[in-house]
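These notes concern the structure reproduced below.
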Amino acid sequence: MWLDDERLIVGVTREERTVLTVVDVADPWPRPIAQAGADYVSAVVSPDRRQVAYTVFHHDDLNCTSLHVAEVAAGVSITVAHVPGMQVRSPAWSPDGTRIAYACEAPGWYEIFVAGADGGNARQLTHDGADFAELTWVGDTLVATRCRRGVTDLVRGDAATGTAQVLAAGGTWSSPRILPGGGVVAGDAAFDTPARIG
């Protein structure tokens, strides 16, 4: 993914591990910014383009994916969420870059958690008994997919209270994106109708 007009964030395989690196267009030799001794899975650049939140798959705990933040310039990384035997997914930066939302299965479902960009003040936001994914911020709210019993709704959750409001029910909603002005567009594949964009 592009970090800015001149640099890319890429994964490079070294010694049977994927390393998160920065590649400059003018000098394409990869510069590591994060080495967790495992494979990075996904990465999301902060709004100010100075940090990268990334998830890591651990070879010594095959049921564990953790969340970290790396400073691009310094190459220093901190752990935001690491629960042995549990998965973390869908990291999303708040618009001001001070918080990160993510889904973690520690409560038994992939509930939404919010933590400071420095890893502090982590708290469980939702208690819905459902699997949340594909998180994205809209101001102080989060738009996400929420799956229960094989049916995926598109929801908006208050980042302060965790209250989830259904924006579109049923089917299999996916890939929510925020439009200029705050509207939401997402894909939908209902069981009884052809796939559509809603």
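The values are calculated or read from the model by the stated rules, or taken from the named source; none is laboratory data. Since this is a predicted model, take the numbers as computed values, not measurements. We place every Cβ from the backbone using ideal geometry, glycine too, and count neighbours over all the protein chains shown.
Answer with yes or no whether residue 129 is surrounded by fewer than 19 Cβ atoms within 10 Å (Cβ to Cβ), at pLDDT 90 or above and farther than 27 Å from residue 52 by Cα.
It is true that residue 129 is surrounded by fewer than 19 Cβ atoms within 10 Å (Cβ to Cβ), at pLDDT 90 or above and farther than 27 Å from residue 52 by Cα.
For the list (1) surrounded by 13 or more Cβ atoms within 10 Å (Cβ to Cβ); (2) under 19 Å from residue 51 (Cβ atoms); (3) among the polar types (S, T, N, Q), I need the number of the one condition that residue 174 fails.
(2)
Tell me, which residue of segment 177-198 that is surrounded by 15 or more Cβ atoms within 10 Å (Cβ to Cβ) and modelled with pLDDT of 85 or more is farthest from residue 114 (Cα to Cα)?
187
Within segment 114-126, can you find the residues that are of a type outside the set (A, V, I, L, M, F, W, C) and either in contact with a Gly (Cβ under 9 Å, 6 or more places away or on another chain) or surrounded by fewer than 16 Cβ atoms within 10 Å (Cβ to Cβ) (or both)?
116, 118, 120, 121, 123, 124, 126
If a residue must be closer than 17 Å to residue 119 by Cβ and in contact with a Phe, Trp or Tyr (Cβ under 8 Å, 6 or more places away or on another chain), how many such residues does segment 21-39 contain?
Summing the residues that are closer than 17 Å to residue 119 by Cβ and in contact with a Phe, Trp or Tyr (Cβ under 8 Å, 6 or more places away or on another chain) in segment 21-39 gives 1.
Looking at the structure I just gave you, is residue 146 of a type in the set (Lys, Arg), buried (at least 18 other Cβ atoms within 10 Å of the Cβ) and on the phi < 0 side of the Ramachandran plot?
Here the answer is yes, as residue 146 does meet what is asked.
For segment 129-168, what are the residues that are among the acidic types (Asp, Glu) and touching a Lys or Arg at 6+ places or on another chain (Cβ under 8 Å)?
131, 153
So which pairs qualify, if the first residue must be in segment 158-169 and surrounded by fewer than 16 Cβ atoms within 10 Å (Cβ to Cβ), the second must be at pLDDT 85 or above and in a loop (DSSP other than H, G, I, E, B), the Cβ gap must be under 8 Å, and the two must be at least 6 apart or on different chains?
158/140; 160/140
Would you point out the residue of segment 1-30, among those that are assigned to a strand (DSSP E or B), hydrophobic (A, V, I, L, M, F, W, C) and within 21 Å of the chain's Cα centre (by Cα), that is surrounded by the fewest Cβ atoms within 10 Å (Cβ to Cβ)?
Residue satisfying both the conditions and the ranking: 2.
In segment 59-113, what count of residues is obtained for those that are surrounded by fewer than 20 Cβ atoms within 10 Å (Cβ to Cβ), within 23 Å of residue 140 (Cβ to Cβ) and under 14 Å from the mean Cα position of the chain (by Cα)?
Qualifying residue count for the region: 5.
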